[in-house]
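Working notes, structure below.
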Amino acid sequence: MKFYVTTPIYYVNAEPTVGSAYSTIAADVLARYHRLRGEDVLFATGTDENAQKNVRAAEERGLDPMAFVGEMAEQFRREWLGLNIEFDDFVRTTEERHHRAVQAFFEALYKSGDLYLGKYEGWYCVSDETFFREEELIDGNCPNPECGKKVEWIAEPVYFFRFSKYGDRLLEYIERNPGFLLPEFRRNEVVNFIRGGLRDSCVTRHSSWGVPMPSSIPDSDGMVVYVWTDALVNYLTCAGYPDDRERFERYWPADVHIMAKDIFTRFHATLWPAMLMAAGLPLPKRVVAHGWWTVGGEKISKSGGGVVPRPGPVLDMVMAETGCTRERALDALRYYMLREVPFGQDGEFSGEGLLGRYADDLANDLGNLLHRVLPMIARYRKGRIPKTSVPDPDLHRAARDAASGWERAAKTLDFRSGLEAIWSFLAAGNRFIDRKAPWALAKSGDEEALDRVLYSAVEAIRIAALLVAPVMPSTADEIESQLGFRDWQRSWAQAHEWGLVPAGQQIGRPTPLFPRQDQGGNAAAKVAASPDTSRSKEMPVISIKEFQKIDLRVGEVIGAEAVSGADKLLKLTVSIGDEQRTMVAGIATAYEPGDLVGKKVVVVANLEPATIRGVRSEGMILAGWVEGDEKSIAMVTPDRDLPNGARVT
Ligand code: MSP
């Protein structure tokens, strides 16, 4: 059995956001689940580098495009590794192997007779890398409501793909293969799009940036393949097309292509299958569109304006608010994104939502189960797992139901339902302990009954760790280690078995999985306030009135100390005139507490207080930094001496 899953390949015009992380996390979860099932998984992701918008982004920064895309691709790769994404292949569309694949694919298209030379006259949006008809434009601009940017007039000889010919075949294919396009409501959108009539699609551009058309195709001098066509072929490149026949036969067709809704109907659900039909290649088995993550109702976009939550600062916020490790914060983010909204729907990304899930589902339901049981094993059984062979039938059934629930949901990428099934099982586990009251059994001296209850509870925890492993891999490792497993080989089949924890196994050191602190902090504000230079140019315009709502004051640092357990935070006492305030500032990478006393700073005096690492913070100190370089943090300080409390306007 093989399983080939893909994410879109990302434009490298700006750094990844939690939005781009969403598709990648979803694909990683599926890949991990299928690996647990023992399947031969190919999980491919990568970067879409041949777009004009990447060149523009490089030019804006005064950089050489090739050097720029290389550097950005590396950033994406590192970001995914940091999010515990276990991809098997990372393709860059500037790679030689991809050029080979695109050219071979175009030769196949040409042979099919469905490529013809024509002239394109029309509008092009560089931001969306999409051609539009005059009547599609809105006020002469790009009709995509998320874009609305100026379009450019293009008039050049190009190759067209005879897309119009494939309408009926596509409709028939969609009809015959109900699981091909998901979710279902999007399938109807695609059907309507096709019924509205497909226009032949322009598949080349005149440019020096991109994959050159194969020289065997006549009159294609100076032409490169249109970036969308080139990008879609990446799915073949990763499967070994065209040279590695063995790999290609093994992995193609892909089992699942994952992407957001905006690139579904026009590209992945119609153009791509039609081109594959023309080239005589099998179609992917599933093409699945998820929704958009938004902030304030606006799509989170790499290069867009407004607040751009990026994974790093979001994880920092979770760590600061809860005191958990980076690994747990990451698993909380992965869990939150898949649990919070049904795959396919839009969702509003919020720090409060994430911390809410952390507190209720992770610390409470999952963490509690572990932390109730392990101390009892330590206390009543000297830390050794008791021996018994009788499973609790209800709990055993609940475990099997949860495993089957996840399996069903994974087929249609319904992650939310899959996690709900697992969480019903965790609730059953917690109820089991309430009902059986092992502490009462210990008191009454019913040793056999106590063994049975403790063993069943431990089994439930083992299965829970396995079930959550695709979504929260490091948490599963930690739970298993606390259960005393060393080098345990997980496999999905173990979710249906009972009695795998060896009797007599010595449990590990119980440590809080998802530690809790005051949850009342202003998480949304902190996600929004994460330092981020890349969005500065495109911040929304605000009125003077809105600006005046911010009470900026000159303050003087009169005390500074480290915050225990947080190497980036300092606790400062700041005098702002008549008042002294405590403020927690993430500046410890750049300042020693001793450097700060006596320094004049600028503070936001009317920021909603938040509790960070147990310290109540009553304001924010302004500082700038070069993104990614924590040593560059520099506090804002008045140019001349001003009294404490003086207003800054
Ligand atoms: N390069 C094309 C895709 C080519 S695939 C053959 C592209 N790139 S992109 O950088 O704009 O990334 C698009 C993908 O990033 C979306 O399809 C989606 O998977 C993910 N997302 C980017 N922002 C997102 C949200 N705000 N919410 C959800 N997904 C997001 O289009």
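For region 606-617, the set of residues classified as crowded, with 20+ Cβ neighbours inside 10 Å and part of a loop (DSSP other than H, G, I, E, B) consists of ARG613 only.
Only strands (runs of 3 or more DSSP E) whose full extent lies in region 64-153 are considered here, and the ones with at least 1 residues that are open to solvent by 30 Å² or more (accessible area, probe 1.4 Å) and at pLDDT 95 or above are 89-92, 115-125.
Evaluating THR582 against the criteria (1) open to solvent by less than 30 Å² (accessible area, probe 1.4 Å); (2) of a type outside the set (Asp, Glu); (3) modelled with pLDDT of 90 or more; (4) not in a loop (DSSP other than H, G, I, E, B) leaves one unmet condition, (1). Just checking, does region 498-513 include any residue being among the small types (Gly, Ala, Ser), at pLDDT below 85 and open to solvent by less than 50 Å² (accessible area, probe 1.4 Å)? The answer is no, given that none of the residues of region 498-513 is among the small types (Gly, Ala, Ser), at pLDDT below 85 and open to solvent by less than 50 Å² (accessible area, probe 1.4 Å).
Before we move on, is ALA449 open to solvent by 10 Å² or more (accessible area, probe 1.4 Å) and of a type in the set (Gly, Ala, Ser)?
Details: open to solvent by 10 Å² or more (accessible area, probe 1.4 Å): yes; of a type in the set (Gly, Ala, Ser): yes.
Considered against the rule, which asks whether it is open to solvent by 10 Å² or more (accessible area, probe 1.4 Å) and of a type in the set (Gly, Ala, Ser), ALA449 comes out as yes.
Residues that are among the acidic types (Asp, Glu) and free of Cβ contacts under 8 Å to residues at least 40 places away in the same chain: does region 192-201 have at least one? Walk me through it before giving the result.
Start the filter on region 192-201 by keeping residues that are among the acidic types (Asp, Glu), which leaves 200.
Within this subset, residues satisfying the condition of being free of Cβ contacts under 8 Å to residues at least 40 places away in the same chain are none.
No: zero hits.
Contact map, region 361-379: residues that are assigned by TED's automatic domain parsing to the domain that holds PRO515 paired with residues that are among the small types (Gly, Ala, Ser), Cβ distance under 7 Å, separation 6+ or inter-chain. Pairs shown: LEU362/ALA332; ASP365/ALA427; LEU366/ALA464; LEU369/GLY429; LEU369/ALA464; VAL373/ALA457; ILE377/GLY383.
Could you list, in sequence order, the residues of region 38-59 that are in a strand (DSSP E or B), open to solvent by less than 10 Å² (accessible area, probe 1.4 Å) and aliphatic (A, V, I, L, M)? The answer is LEU42, ALA44.
Per this entry, ARG169 is not counted among residues that are under 32 Å from the mean Cα position of the chain (by Cα), of a type outside the set (S, T, N, Q), more than 30 Å from SER301 (Cβ to Cβ) and not in a loop (DSSP other than H, G, I, E, B).
Which residues, counting only those in region 279-329, are within 10 Å of the ligand (Cβ to nearest atom), open to solvent by 10 Å² or more (accessible area, probe 1.4 Å) and among the small types (Gly, Ala, Ser)? SER301, SER303, GLY304 - these are the residues of region 279-329 that are within 10 Å of the ligand (Cβ to nearest atom), open to solvent by 10 Å² or more (accessible area, probe 1.4 Å) and among the small types (Gly, Ala, Ser). Inside region 342-436, counting only helices (runs of 4 or more DSSP H) that do not spill past its ends, which hold 3 or more residues that are among the hydrophobic types (A, V, I, L, M, F, W, C)? Because the criterion is at least 3 residues that are among the hydrophobic types (A, V, I, L, M, F, W, C), the helices (runs of 4 or more DSSP H) in region 342-436 that meet it are 368-381, 393-411, 415-436.
The single condition among (1) in a helix (DSSP H, G or I); (2) within 33 Å of the chain's Cα centre (by Cα); (3) of a type in the set (A, V, I, L, M) that ALA449 does not meet is (2). In this entry, TYR22 is excluded by the filter for residues that are away from the ligand (no atom under 14 Å from the Cβ), outside any loop (DSSP other than H, G, I, E, B) and either farther than 30 Å from TYR166 by Cβ or open to solvent by 10 Å² or more (accessible area, probe 1.4 Å) (or both).
The values are calculated or read from the model by the stated rules, or taken from the named source; none is laboratory data. This structure is a prediction, so every number in the text was calculated from the model and none was measured. We place every Cβ from the backbone using ideal geometry, glycine too, and count neighbours over all the protein chains shown. Keep in mind that these areas ignore ligands, DNA and RNA; they rest on the heavy atoms of the full protein, side chains included. Shrake-Rupley method; radii C 1.70, N 1.55, O 1.52, S 1.80 Å.
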